[in-house]
Structure formats: structure tokens, C-alpha cells
Amino acid sequence: DEEPGGVDLRNPPKGPIVLGFSQVGAEGGWRRANTASIRKAAVRNRIDLNFKDAGGDPKKQIADVHSFIDARVSVIAFAPVVETGWGEVLRRARDARIPVVLTDRLIDETDTSLWASSIGAEFASEGNLAAIYLENDYAGTTGTVNVVEILGANGATPTKLRAEGFAATAAKTGRLNIVDQATGDWTKDGGKAAMRELLERNKRIDAVFAQNDDMGLGAVIALEAAGKKPGSAPKIVTVDGTKAALQGLADGKLTYVIECSPEIGEPLMSVVVDLFHGGRVPKRIPSEKAVFDAETAAEALLDRTY
Ligand code: GYE
């Protein structure tokens, strides 16, 4: 009579529910909104939140998750900095009968019983969408379109899957030619530096695919400094949908923004409550997405809080 959450029903747990949550860091607008959503939802659902910030360091993050096990929290959730290195600590959590929820990103473990549920976006389809919208802009024209890509931090799920999704769609039609890539580490400064590098290495850049808003907004700064007209020449597509990027779209400095909602606090707390009570939870909970252009961005800006 053991439920997937690892709760012994003959000996039901008593409150309060303590959630140990390990966050990637505070690298940009998306992440800050994600943290705010989790903190707010914890309060609203009367869950004691033990929040730790890994500062982008995979080793610190694993140590933080060990500390949640030592503290015997009710449930552990984390947004992994990188996909690798999780087996040992998650087996320890399982032995301690503490259910685990992955948020936002995924991990590279074949034993999928190590986590009860994962909540987040379909990153490959965000890459697909970025390429489809860009391609549509060139419908009715001929010749290849030179695209450069600004990548997020190495080893993270969205870095890998957004690139794969974009490349897969580009390969299908052959219109988009991915000529170069540089890493921007998810930050505005990183995106600016990456764009500078890409401008040095490439004579003709028609479009930029920045894997998040902050890096795309950094690229805008570098492009303007180089006398270019970001938003049109080159076009820029980003992923996230923060207020700053929607403003960039409305101002004509970005071309498209693929939304990846950071607001996963409420669905997370709902899963946490169910796991605490030994209930069954869905293995995968997808978050929302949309695509914005200048017009729809102006509208969405009216009530965007992050
Ligand atoms: O796109 C980026 C953040 O994992 C979806 O991480 C998240 C990504 C998001 O740093 O802005």
C-alpha cells in the first residue's frame, strides 16, 4: 500500500508541508519571475519553503539537495543547472522516501522513477517555432538566410533542446542557414559579448536566434553599437516573453518572442500537496506558450508583471 509519492498510508504524514526548492540562480528576468512565482504560490498554499539559490554552480546545487534530505523536508523540487550528476543524490532522496519534482528543466538519468513529476516547457518546440516564424518572413523570396545563434549555458536542457528544435525545422526546408553559434550564458552581458564575437566572425548576418530574452536584448546593444538596425536587419528571435523583451518587440528592436512561461509556482504547489498526501500525480505537466510579434506584444505588455 505504498503510493508513488513514497508515503506510507498506514502512517499518514502531518503538516506543515516543507518544500525544499533549489533554484538555478538569478541569471535574468525569466529566472527572477520564476522564483517570485514559486515564493508567492508557497505562501498562498501554506507551504513552508526552504529556498536555496545555486548561483549557477552544479556542485553547490547537489549539496543543497543533500541538505534538504538531511533536513527531512516533505518534498524536494529543483530546477537543474545542468542535466548530469543527479543519480546519487536522487537515490538518497528515494531511500529517505522524499518525493522529488523537477521544475523547468530536465535531468539525464535513465531511471525515471527517481522523480515523481516534472513541470516545464517543451523546449524543442520553442526552437521549432522560432525557426518557423523566421522562415515565414522570407516566404516568396529566394536565397539562403544566414542565421547566427546565441546559446544559453552549456549542459542545460533548454540550451540543447532549443538548438535541436531550431536546427530540425531549418533542415526541413533548407531556407535557414545556421552559419555560426556563440554562448551567452543566459545573461544580457553574455549576449552582448556573444553578438560582438559573431559580428567579427561573420560578414553577412540576416537573423539572430537568441535562446533567451536577456541574451537577445544584449545582442541588440552590440548590434546598435555596430551601426545595425536590430529587429529588421538583422531580425532577432528570442525565447521567454519577459516584459523587457515584449517592450523590445513593441519598439521594433526584436522580431519575435516565443513565450516560455516562468509561472510554474501554482502547478508545482498543487503537485507538492498531492505528493505529501500520497496521491498520484502526472509524470509530466507542460507549461504555457505563445508567440509574440510587435502587435501582440503591445497588448500583452498591459498586464505582464515580469
Ligand atoms: O529561458 C532562461 C533561463 O530554463 C527555461 O533559463 C529556463 C531558461 C530561460 O535562464 O532565461
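The values are calculated or read from the model by the stated rules, or taken from the named source; none is laboratory data. Computed from a prediction, not measured in an experiment: that's the story for all the values here. Quick reminder, even Gly has a Cβ in these numbers, built from the backbone with ideal geometry, and neighbours come from all protein chains shown.
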Matching residues, the stretch 35-72, being under 20 Å from GLY87 (Cα atoms) and either out of contact with any Phe, Trp or Tyr (no Cβ under 9 Å at 6 or more places or on another chain) or among the polar types (S, T, N, Q) (or both): ASP57, PRO58, LYS59, LYS60, GLN61, ALA63, HIS66, SER67, ILE69, ASP70, ALA71, ARG72
Taking LEU49 as the residue in question, decide whether it is within 18 Å of the chain's Cα centre (by Cα) and modelled with pLDDT of 95 or more. no
LYS253 vs. criteria touching a Gly at 6+ places or on another chain (Cβ under 7 Å), at pLDDT 95 or above and among the basic types (Lys, Arg): yes
Every residue in the stretch 233-264 that is over 19 Å from ALA36 (Cβ atoms), in a loop (DSSP other than H, G, I, E, B) and not hydroxyl-bearing (Ser, Thr, Tyr), please. PRO234, ASP251, GLY252, LYS253, LEU254
Would you mention how many residues in the stretch 165-204 are among the hydrophobic types (A, V, I, L, M, F, W, C) and not in a helix (DSSP H, G or I)? 5
List every residue pair whose Cβ atoms lie under 7 Å apart, where the two residues are 6 or more positions apart in sequence or sit on different chains, the first residue falls within the stretch 206-235 and is more than 19 Å from THR159 (Cβ to Cβ) and in contact (Cβ under 8 Å) with a residue 40 or more places away in the chain, and the second residue, located anywhere, is hydroxyl-bearing (Ser, Thr, Tyr) and buried (at least 20 other Cβ atoms within 10 Å of the Cβ). LYS235/THR255
Can you go through SER287, SER261, SER232, SER270 and tell me which one is more than 19 Å from the chain's Cα centre (by Cα), under 30 Å from ARG94 (Cα atoms) and among the hydroxyl-bearing types (Ser, Thr, Tyr)? SER270
Say whether the condition of being within 16 Å of the ligand (Cβ to nearest atom), farther than 18 Å from LEU129 by Cα, out of contact with any helix residue (DSSP H, G or I) (no Cβ under 9 Å at 6 or more places or on another chain) and at pLDDT 95 or above is met by at least one residue in the stretch 277-292. yes
Return the total of residues in the stretch 1-39 being at pLDDT 70 or above, farther than 19 Å from SER67 by Cα, under 30 Å from the mean Cα position of the chain (by Cα) and not acidic (Asp, Glu). 13
Is there a residue in the stretch 253-270 that is within 16 Å of the ligand (Cβ to nearest atom) and touching a Leu at 6+ places or on another chain (Cβ under 6 Å)? yes
